[in-house]
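Asks: Quick one: this structure, given as structure tokens, is what I'll be asking you about.
The values are calculated or read from the model by the stated rules, or taken from the named source; none is laboratory data. Computed from a prediction, not measured in an experiment: that's the story for all the values here. In this analysis, Cβ positions are derived from the backbone assuming ideal geometry, glycine residues included, and neighbour counts consider all displayed protein chains. What goes into the accessible areas is simple: the full protein's heavy atoms, side chains included, and nothing from ligands, DNA or RNA. Shrake-Rupley method; radii C 1.70, N 1.55, O 1.52, S 1.80 Å.
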Amino acid sequence: MKTKGTFLVVLIAIFFSSTAQSQEKTLIEKTIETYFDGWQTGDTLKLGKVIHATCRLKNVTDDQIQVIDRKTYLGRFELHPKQENTGGKIISIDITGNTAAAKCQINTPTMLITDYFNLLKIKDQWFIVDKIYSRAQSK
């Protein structure tokens, strides 16, 4: 009898853990979709909602790590209509508590950008707190 009770408790715990994980994944996906939309239209208000003030963006240029702060990054955008044949997709999301990592891609007619986001949950909202990325010519 004790074994059945323990088994039931474990099943309930797994169900609630899985449900909570699914809800967090949905919130992270919403954050990343907001990033994609802002990036594709140059909307710094949308980008600013999901990129934390402390965020640093990094990539490698000429064998040197380039670090860009949030203000400089947002200053590179201007509002524009979404370009045809441009889109973003989430490749993977890994969540542990209030931390997460996501691999994403943005395709344009000329570029493929692969982003790796580190995210933190603050007061029920997920923020991109760091980003590393690479760019390649689209095929």
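Asks: Based on this model, can you work out whether Thr110 counts as among the hydroxyl-bearing types (Ser, Thr, Tyr), farther than 19 Å from Asp37 by Cβ and touching a residue at least 24 places away in the same chain (Cβ under 8 Å)?
Replies: Working: among the hydroxyl-bearing types (Ser, Thr, Tyr): yes; farther than 19 Å from Asp37 by Cβ: yes; touching a residue at least 24 places away in the same chain (Cβ under 8 Å): yes.
So Thr110 fits the description; yes.
Asks: Related question: Kindly indicate whether any position in the range 59-81 is touching an Asp or Glu at 6+ places or on another chain (Cβ under 7 Å) and closer than 16 Å to Thr31 by Cβ.
Replies: Applying the first criterion (touching an Asp or Glu at 6+ places or on another chain (Cβ under 7 Å)) to the range 59-81 yields 79.
This time we only want the ones that are closer than 16 Å to Thr31 by Cβ, so: none.
Taking every residue of the range 59-81 in turn, none turns out to be touching an Asp or Glu at 6+ places or on another chain (Cβ under 7 Å) and closer than 16 Å to Thr31 by Cβ.
Asks: In the range 113-139, how many are closer than 22 Å to Lys30 by Cβ, touching a residue at least 40 places away in the same chain (Cβ under 8 Å), among the basic types (Lys, Arg) and out of contact with any helix residue (DSSP H, G or I) (no Cβ under 8 Å at 6 or more places or on another chain)?
Replies: 1
Asks: Moving on. Can you list the strands (runs of 3 or more DSSP E) found entirely within the range 13-121 that contain at least 2 residues being open to solvent by 50 Å² or more (accessible area, probe 1.4 Å) and more than 23 Å from Gln137 (Cα to Cα)?
Replies: On the way: elements: 51-61, 64-69, 87-96, 99-107.
Answer list for the range 13-121: 51-61, 87-96.
Asks: Residues being at pLDDT 95 or above and in contact with a helix residue (DSSP H, G or I) (Cβ under 9 Å, 6 or more places away or on another chain): count how many of those fall in the range 100-112.
Replies: The qualifying residues number 4.
Asks: When the residues of the range 28-86 are filtered to those that are in contact with a Cys (Cβ under 8 Å, 6 or more places away or on another chain) and of a type in the set (A, V, I, L, M, F, W, C), which remaining residue is nearest to Asn107 (Cα to Cα)?
Replies: Phe36
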